[in-house]
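Asker: Pasting a structure here, questions to come.
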Amino acid sequence: MSVVAIGSPKLTDTDVSAVIARAYKLMDQGRAGACIPVETDDGEVMVAVLDPENEDLLYGFGRDRAGYYVFDTKGRALAQGRSIQDVLEVLP
């Protein structure tokens with residue numbers, strides 16, 4: 001019997017597209033700046049939504065074994081859910 005390691009869940013391309021689409025709406029309203037998908041050194045995919053001045057993080061989106069999450073500029077958890085739509089609902 002062989003053991004296959006299962007990697008940590010991460011945001012899919014579809015998840016990233018959903019966050020970017022929502023960020024564009026915030027940009028149009030003047031509530032957000034750039035939206036940047038990034039892959040960390042350990043392969044985790046996250047999406048950062050910056051403030052309108054592109055100086056600070058407004059929201060960070062990611063996924064782990066517990067589900068999807070979003071945190072604010074101070075690293076406080078704003079929401080956790082079973083789908084990307086669950087956490088997108090917390091945005092204004």
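Asker: Checking P92 against (1) surrounded by 15 or more Cβ atoms within 10 Å (Cβ to Cβ); (2) of a type outside the set (D, E); (3) not in a strand (DSSP E or B), which single condition isn't satisfied?
Answerer: (1)
Asker: Can you list residue pairs whose Cβ atoms sit under 8 Å apart, with the first residue in segment 34-55 being touching a residue at least 12 places away in the same chain (Cβ under 8 Å) and under 11 Å from V16 (Cα atoms) and the second being of a type in the set (K, R) and part of a loop (DSSP other than H, G, I, E, B)? Count only pairs 6 or more apart in sequence or on different chains.
Answerer: Here the result reads V45/K10, each pair linking segment 34-55 to a residue that is of a type in the set (K, R) and part of a loop (DSSP other than H, G, I, E, B).
Asker: Tell me which residues, restricted to segment 17-50, are out of contact with any helix residue (DSSP H, G or I) (no Cβ under 8 Å at 6 or more places or on another chain) and closer than 17 Å to D64 by Cα.
Answerer: V38, E39, T40, D41, D42, G43, E44, M46, A48
Asker: Which residues, taken from segment 76-89, are part of a loop (DSSP other than H, G, I, E, B) and either charged (D, E, K, R) or within 11 Å of the chain's Cα centre (by Cα) (or both)?
Answerer: Step one: filter segment 76-89 for residues part of a loop (DSSP other than H, G, I, E, B), giving 76, 82-83, 89.
Hits for segment 76-89 are R76, R82, E89.
Asker: Sticking with this structure for a sec: Among the residues of segment 35-63, which ones are in a loop (DSSP other than H, G, I, E, B), under 19 Å from I84 (Cα atoms) and either more than 14 Å from the chain's Cα centre (by Cα) or modelled with pLDDT of 95 or more (or both)?
Answerer: G43
The values are calculated or read from the model by the stated rules, or taken from the named source; none is laboratory data. As the structure is a prediction and not an experimental result, all values here were calculated from the model. Neighbour counts run over all protein chains shown; Cβ positions are idealised from the backbone, glycine included.
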